[in-house]
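Peer 1: Quick one: the structure is below, and I'll ask about it shortly.
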Amino acid sequence: MSEDLQVVAFCCQHCAYAAADLAGGLRLQYPPSVRVVMLPCTGKIDALLVLQAFESGADGVMVAG
Amino acid sequence: MIVAEQKSLDEIKKLVGSAQKVLVVGCGTCVTVCFAGGAREAAIVAAELRMSTKLDGSPKEVTDVTVQRQCEWEYLDEIAPKLGQVDIILSLGCGVGVQAIAEHFPGTWVVPGLNTKFMGLPTEQGVWAERCAACGDCILGLTGGICPIARCSKSLLNGPCGGSLDGHCEINADISCAWQLIYDRLNSMGKLEVLMDIQPPKNWQTSRDGGPRKIVREDLRLDKKEE
């Protein structure tokens, strides 16, 4: 993935965010252009949140939960 | 509730036209619960308009606000301070809400963002169906609580017609025959004798045929001299 692309990753704190933590513990790398946003639950995601990310300049949005 | 559907973004953009500053006004009542024009939908339409017009090369300044009820002037007063800062209002209220804004703010251009469809109810998650046609002379007491005016395609008063087939309407198999529903309900309640009375032609003057309608309650008016 190009590092020029800004990606917002909405991650559930109970699974995907914990997995990202574990990946960090394992010294696995991911592009710095990925911005991780922790959510209590990805059930919180709705169209408005995704639109706000795009409006704020994101090229892509990832929802992981 | 009044049930409405959002217009397409293309149509909304055409309605907004060349106006630069747009205020999207949502309504917190009927169109909120049918997911067409509440606070969430107003914010989404505003975001869509901002992004779409930015991509078109002529970005607009779009903000949004939601009032509890667009169909009462008192609730519209809270948007009055914003009017000087906008060129146009995109109302996500029903047709009553759009007209209430136009009447209350005569100098403000207002356009509709919804198509108002009917008075009905949600029959399941994501499905709304028409139940009342506001004919002005309710006959539900004669039909077991099922309205043939709104739910029979022909608004028959003495049904069913010959197009009723296996409980469905001839115009669309997805539509239940209202008169079959009425018969089944009266039958299940042991009240089939209700159907023995032939209903005379209905006086449609109480409906739209009598022109625009109005109710005046003298006991509730503050200034009875005022017309």
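The values are calculated or read from the model by the stated rules, or taken from the named source; none is laboratory data. What you see is a predicted model; the values in this text were computed from it and never measured. Using ideal geometry, Cβ is built from the backbone for each residue, glycine included, and neighbour counts are taken over all protein chains shown. Remember, those area values only see protein heavy atoms, side chains included, never the ligands or the DNA or RNA. Shrake-Rupley method; radii C 1.70, N 1.55, O 1.52, S 1.80 Å.
Peer 1: Just to be sure I understand: if you take the accessible area of chain A alone plus chain B alone and subtract the pair, with a 1.4 Å probe, what total do you get in Å², rounded to 100?
Peer 2: The buried area between A and B, both sides summed, comes to about 600 Å².
Peer 1: Let me ask something additional. Under a cut-off of 27 Å between alpha-carbon atoms, report the lysines in cross-link reach of B:LYS13, not counting same-chain residues fewer than 8 places apart.
Peer 2: B:LYS13 reaches B:LYS21, B:LYS54, B:LYS60, B:LYS82, B:LYS117.
Peer 1: A further question follows. Taking a virtual spin label 7 Å from the Cα of B:GLN125 along the C-beta vector, which residues in the stretch B:1-44 bring their backbone nitrogen under 16 Å of it?
Peer 2: Zone members listed by number: B:34-35.
Peer 1: If we count every other residue with Cβ under 15 angstrom of B:GLN199's Cβ, Lys/Arg +1 and Asp/Glu -1, where does the sum land?
Peer 2: With Lys, Arg at +1 and Asp, Glu at -1, the neighbours total -1.
Peer 1: OK, next. Where a Cα-Cα gap under 12 Å defines reach, which aspartates and glutamates qualify for B:LYS154, not counting those fewer than 8 residues away within the same chain?
Peer 2: Filter leaves B:GLU170.
Peer 1: Run the accessible area of the stretch B:76-130 with a 1.4 Å probe and give the carbon-and-sulfur part as a rounded percent.
Peer 2: 54
Peer 1: What does the accessible area of B:ARG131 come to, in Å² to the nearest 10, when a probe of 1.4 Å is used?
Peer 2: 70
Peer 1: Might you work out the accessible area of B:ILE215 for me, using a 1.4 Å probe with all protein chains in place, and round it to the nearest 10 Å²?
Peer 2: 150
Peer 1: With the contact rule set at Cα under 8 Å and sequence spacing of 6 or more, what percent relative contact order holds for the stretch B:2-118?
Peer 2: After rounding, I find 35 percent.
Peer 1: Here's another thing I want to ask about it. Give me the distance in nm between label points sitting 7 Å out from Cα along the Cα-to-Cβ direction at B:MET189 and B:LYS82, one decimal.
Peer 2: A separation of 4.5 nm, rounded to one decimal place.
Peer 1: Give me the one-decimal nm value for the distance between modelled label points at B:ARG217 and A:VAL63, 7 Å along each residue's Cα-to-Cβ direction.
Peer 2: 4.4
Peer 1: Over the stretch B:135-205, average the accessible area per residue using a 1.4 Å probe and give it in Å², no decimals.
Peer 2: 62
Peer 1: So how strong a dipole does chain A carry about its Cα centre when Lys and Arg Cβ are +1 and Asp and Glu Cβ are -1, to the nearest 20 debye?
Peer 2: For this selection, approximately 240 debye.
Peer 1: Let me ask something else about it. Indicate the residues belonging to the stretch A:26-59 that lose 50 Å² or more of solvent-accessible heavy-atom surface (probe 1.4 Å) upon moving from the chain alone to the assembly of all protein chains, ignoring ligands and nucleic acids.
Peer 2: Those residues are A:LEU48, A:LEU51, A:GLU55.
Peer 1: With n ≥ 4 as the cut-off for DSSP H runs, can you work out [θ] at 222 nm for chain B, using -39500 (n - 2.57) per run divided by the number of residues, rounded to the nearest 500?
Peer 2: The helix-only estimate for chain B comes to -7000 deg cm²/dmol at 222 nm.
Peer 1: Sticking with this structure for a sec: If you roll a 1.4 Å probe over the heavy atoms of the protein chains, what accessible area per residue do you get for the stretch A:7-64, in Å²?
Peer 2: Here the residues of the stretch A:7-64 average 61 Å² of exposed surface.
Peer 1: Which aspartates and glutamates, on any chain, are close to B:LYS202 with Cα under 15 Å apart, when same-chain ones fewer than 8 places away are left out?
Peer 2: Correct list for B:LYS202: B:ASP137.
Peer 1: OK, next. Please sort through the DSSP H helices of chain B and keep those with an alpha-carbon extent of at least 18 Å along the long axis and a Kyte-Doolittle average not below 0.0.
Peer 2: Helix filter hits for chain B: B:39-55.
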